[in-house]
Amino acid sequence: MFSWLQTKLQKHYKVVFVLLFIAIIPAFILVIGDFGAGIDNFRDRESVNAGFYDIDLNTEEKQRAFFTEADLSFYIMNGGNRAQQQDIVSYAYGRAAWLHVANEHNIPGPNTEELTEFIKEMILFQNPQGQFDPVIYNSALDGLKTSRNVSEGEITAAISQDYRVNRIQDVITNPGYVLPSEVLDLLKQQNTTWSVSVAELDISAYNPEVDASDEKVQAYFDENASNYRTPDRRVISYLELKALDLQSEIEASDDDLLEYFELNRYKYETPPAADADPSAPIEEPTFAENKEKVALDFKMEKAKIVAEDRATEIVMSVVDAERRANENLSVDSEVFKTLIQESGYEVKTTTPFGISESPIGLGWGRLMVG
């Protein structure tokens, strides 16, 4: 079956795959704040068909789930390496394209045994010797569930989809079958000698008279006004809560640090030297040697939680104030200013940026600003 499928794909789907992986698919934009009239008109439409192959992206929630799973997939499939937001967008659409092809040809998901073997091959769950380690696997799962707020079922679902992507990629990338006539055609193309005639024109000798009067320039502008139209730009007001600034508020006892060390022991293992004996036992890290680093990591994780909690409190205070006032609060309203002043933070604003851009100097990706 796979020989037939492989031959069919290689012969008839070349153009499809070229289009899938060289096309730039723009991210769907979540409209935030006040924009120009063109965008308002777009938002007023009753329905917008925002889908990509088998993926429904018509709501913000579905878009978020789509990119969240792609981000999770990239992290797992690339050994725990993180990607920039713009790279995740490309990866998400490419992964969706592969899954569409898998759906078209009824590529099934893995059974329990196949899923287990697939997981064992992942670098994220292997020790420095390249062997699957259950302890590292469980620690990595706990870390993903905590840091990304996902369930084990969601992690398994993402890995299962990646298993299907790998299967369809194996079918396409492995050696295929061609006819002798196709080989001859290819050899003829490669061995063909082309003759090219070249004509040269001295640009310095080309000096035409151009009428650049105000009337001509105005007429040209009127005919091509769309070429000079500036895109809608936006400015975002935001509060910045840095976990690094909250570390001093975190208290950590030796028992807390020791428990954190035991749960994340793999983080403090020293990779063996390139010329080390593979059969030699791994030197286990000790709490005493890594206590200072453990304390920094522990406080940073706790500080992130504190920052998220405080951000939630500020948001809820604004929501409550809007509910009482029965209207949306603007950034310039006295009620809003009072709430922010009480929070102890300062409202900041971004530089103006277009819909397909990110604000300068903040390192925000397009997924973050919508």
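The values are calculated or read from the model by the stated rules, or taken from the named source; none is laboratory data. Computed from a predicted model, the values in this text were never measured in an experiment. Note: ideal-geometry Cβ built from the backbone for every residue, glycine included; neighbour counts use all protein chains shown.
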(Q) Can you tell me which residue is farthest from residue 260 (Cα to Cα) among those in region 144-181 that are out of contact with any helix residue (DSSP H, G or I) (no Cβ under 9 Å at 6 or more places or on another chain) and not β-branched (Val, Ile, Thr)? (A) 181
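Do we have residue 312 as among the β-branched types (Val, Ile, Thr) and free of Cβ contacts under 8 Å to residues at least 12 places away in the same chain here?
Working: among the β-branched types (Val, Ile, Thr): yes; free of Cβ contacts under 8 Å to residues at least 12 places away in the same chain: yes.
Considered against the rule, which asks whether it is among the β-branched types (Val, Ile, Thr) and free of Cβ contacts under 8 Å to residues at least 12 places away in the same chain, residue 312 comes out as yes.
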(Q) Condition first: over 30 Å from residue 301 (Cα atoms), of a type in the set (Val, Ile, Thr) and free of Cβ contacts under 8 Å to residues at least 60 places away in the same chain. Can you find one or more residues in region 213-222 that meet it? (A) yes
Q: Just give me the residues in region 158-178 being over 10 Å from residue 98 (Cα atoms) and among the hydrophobic types (A, V, I, L, M, F, W, C), in sequence order.
A: 158, 159, 171, 172, 178
Q: Looking only at region 101-128, count how many residues are surrounded by 17 or more Cβ atoms within 10 Å (Cβ to Cβ) and more than 16 Å from residue 156 (Cα to Cα).
A: 3
**Q.** Flag if residue 338 is over 30 Å from residue 145 (Cβ atoms) and exposed (fewer than 13 other Cβ atoms within 10 Å of the Cβ)
**A.** yes
(Q) Looking only at region 342-362, filter to residues that are of a type in the set (Val, Ile, Thr) and surrounded by fewer than 16 Cβ atoms within 10 Å (Cβ to Cβ); which one of those is nearest to the chain's Cα centre (by Cα)? (A) 360
Q. Among helices (runs of 4 or more DSSP H) lying entirely in region 60-128, which contain 3 or more residues that are under 22 Å from residue 146 (Cα atoms), modelled with pLDDT under 90 and out of contact with any Cys (no Cβ under 9 Å at 6 or more places or on another chain)?
A. 60-77
(Q) Anything in region 278-301 that is of a type in the set (D, E, K, R) and in a helix (DSSP H, G or I)? List them, or say none. (A) 289, 291, 292, 293, 297, 299, 301
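Tell me which residues, restricted to region 292-328, are over 32 Å from the mean Cα position of the chain (by Cα) and either surrounded by 14 or more Cβ atoms within 10 Å (Cβ to Cβ) or over 30 Å from residue 262 (Cα atoms) (or both).
Step one: of region 292-328, the residues over 32 Å from the mean Cα position of the chain (by Cα) are 292, 320-327.
Selection gives 320, 321, 322, 323, 324, 325, 326, 327.
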